[in-house]
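S.K.: Dropping the structure in here first, questions after.
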Amino acid sequence: MHLDIAFPIVNYTNEPLFFSLSSQVKIWFQNRRAKERKVVRKREEMLHREKLATMVHMQNAAAIAASGGGPMCNQPNGPPVNSLM
């Protein structure tokens, strides 16, 4: 029985129905809390992955800077090619 339908007809003197509904409510809240934990855990995992990716990117940039720069540092020390034309 859906809780929305049962709510208006609940008679607290009808103990079997009352306990059945209380059990359904308890299970509904357990399921809701489990779902919330799952969403929070997934969000935290995503943030952790983003943080790791940022750290790796920063480490790579620092390693390139420490080695003297990127691919531009291997060019000869002369005038730019376009200025010869």
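The values are calculated or read from the model by the stated rules, or taken from the named source; none is laboratory data. Not measured: the values here are computed from a predicted model.
S.K.: Give the residue, chosen from VAL10, VAL39, that is modelled with pLDDT of 90 or more and aliphatic (A, V, I, L, M).
M.R.: Answer to the selection: VAL39.
S.K.: Inspect all residues belonging to segment 66-76 and state whether any of them is among the hydrophobic types (A, V, I, L, M, F, W, C) and modelled with pLDDT under 85.
M.R.: For segment 66-76, residues among the hydrophobic types (A, V, I, L, M, F, W, C) and modelled with pLDDT under 85: present.
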